[in-house]
Amino acid sequence: MTITKMSAAHTEPLQKGESLIPGFTVIHHMRRGKDCDVYYVWSEERLTGCIAKTLQPETQENEVMRKRMIKEGEYLKTLSHPNLVRAYEVVESPTPVFIQETLTGETLSHLIRSLTSQNEVLPTKQVAHLGMQLCSVVHYLHLHNILHLDIKPSNIISQPPLAKVIDLNLAASPGEVRKGMGTKQYMAPEQARGDVLTTAADVWGIGAVLFFAATGKRPFQSLEDGRYEQLERPAEPVQTYREMDESLANHINRCLQHEPEQRPDLKELHEFLRTFIQA
Ligand SMILES: Nc1ncnc2c1ncn2[C@@H]1O[C@H](COP(=O)(O)OP(=O)(O)OP(=O)(O)O)[C@@H](O)[C@H]1O
Ligand SMILES: [Mg+2]
């Protein structure tokens, strides 16, 4: 195994065969996000491939980001739910890295884009099934006083029959959170404004994901100059882009109500979706 060579000077991701941290060798670099690198690594201890999430070299000295990455790893190691990715271990230094199970499916974003390009749509029962699973895992996070705050199609991996939520990097307790933290097209208006956040911010995220899963379109686009479309107009009804059962459409639309208090409660939404699937 080669020597670990992550330092602030290295801006390129590590290559196949390089050591990420002792015991974990890079098989390939998977993705470079805004602040993080995701690698597929070989675990010497487990004799299997795992997913390692770490900070990009440029971000490694940033104390806020380091703490956030360690917190994300600790959450995923401690929490346990069938619709949430599992972390096996968290390494704090010299570079924060956490090791996760390998999910084998594709992201919801990829899945829906492929369907759309073939002029197909996700059947409504599958939209409801996805929604039910999201309600279930997000409700579990909320019971643990955690808001996800970045529920979006690329943070959901479809591993049939399960939808798995990943990426707790922005997760926080209810309360005040830095203005605009999240993904522009999917964040609730109160998140864009920097208001105090409640569980309703994630209900919005679920609504935005279901809107996309049902129609192949995002409910809001990203505007230039720090402007947020969700602060400038209400969401269009999901029926604008797809004919569907009225009660299912109404539940999706209610998740995207501007006022947090007008969005449905997760248990109520879960129950509706469960009944819808069984009908
Ligand atoms: N456990 C996993 N199994 C399989 N693929 C994964 C796993 N974790 C992450 N990925 C892949 O890596 C991508 C990025 O992961 P993640 O969302 O955790 O990082 P991120 O840097 O926060 O990304 P972004 O900035 O795009 O939100 C995911 O969209 C997915 O394609
Ligand atoms: Mg992500």
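So, in the range 112-123, of the ones that are open to solvent by less than 40 Å² (accessible area, probe 1.4 Å) and not small (Gly, Ala, Ser), which residue ends up nearest to residue 274 (Cα to Cα)? Steps first, please.
Keep residues of the range 112-123 that are open to solvent by less than 40 Å² (accessible area, probe 1.4 Å), which gives 112, 114-115, 122.
Okay, now just the ones that are also not small (Gly, Ala, Ser), so 112, 115, 122.
Values: 112: 22, 115: 24, 122: 17 Å.
Step by step, filter the range 112-123, then rank; the result is 122.
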Original post:
Within the group 180, 175, 194, 207, which residue is within 16 Å of ligand 1 (Cβ to nearest atom) and more than 13 Å from the chain's Cα centre (by Cα)?
Top reply: 180
**OP:** Any residue in the range 249-272 that's within 16 Å of residue 139 (Cα to Cα) and part of a helix (DSSP H, G or I): show its pairings with residues that are open to solvent by 30 Å² or more (accessible area, probe 1.4 Å) and of a type in the set (A, V, I, L, M, F, W, C) at Cβ separation under 6 Å, as long as the two are six or more apart or on different chains.
**Re:** 270/132
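Only one of 219, 234 is surrounded by 17 or more Cβ atoms within 10 Å (Cβ to Cβ) and either part of a loop (DSSP other than H, G, I, E, B) or on the phi > 0 side of the Ramachandran plot (or both). Can you tell me which?
On the way: 234 fails: surrounded by 17 or more Cβ atoms within 10 Å (Cβ to Cβ).
After applying the criteria, what remains is 219.
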Subject >> Which numbered condition residue 66 misses (of (1) over 16 Å from the mean Cα position of the chain (by Cα); (2) open to solvent by 20 Å² or more (accessible area, probe 1.4 Å); (3) under 27 Å from residue 151 (Cβ atoms); (4) within 14 Å of ligand 1 (Cβ to nearest atom)) >> reply: (4)
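Identify all residues within the range 57-80 that are outside any helix (DSSP H, G or I) and closer than 26 Å to residue 141 by Cβ; write none if there are none. So that I can check it myself, show each step before the final result.
First, the residues of the range 57-80 that are outside any helix (DSSP H, G or I): 60-62, 79-80.
Correct list: 62, 79, 80.
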**OP:** Tell me which residues, restricted to the range 16-46, are near ligand 1 (Cβ under 8 Å from one of its atoms), open to solvent by less than 30 Å² (accessible area, probe 1.4 Å) and either in a loop (DSSP other than H, G, I, E, B) or of a type in the set (Ser, Thr, Tyr) (or both).
**Re:** 33
Original post:
Which residues, taken from the range 140-158, are of a type outside the set (A, V, I, L, M), more than 16 Å from ligand 1 (Cβ to nearest atom) and either open to solvent by 60 Å² or more (accessible area, probe 1.4 Å) or not in a helix (DSSP H, G or I) (or both)?
Top reply: 144, 145
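The values are calculated or read from the model by the stated rules, or taken from the named source; none is laboratory data. Nothing here was measured: the structure is a model prediction, and the numbers come from that model. Positions of Cβ are generated from backbone atoms using ideal geometry, with glycine treated the same way; all protein chains shown enter the neighbour counts. For accessibility, only protein heavy atoms count, side chains too; no ligands or nucleic acids. Shrake-Rupley method; radii C 1.70, N 1.55, O 1.52, S 1.80 Å.
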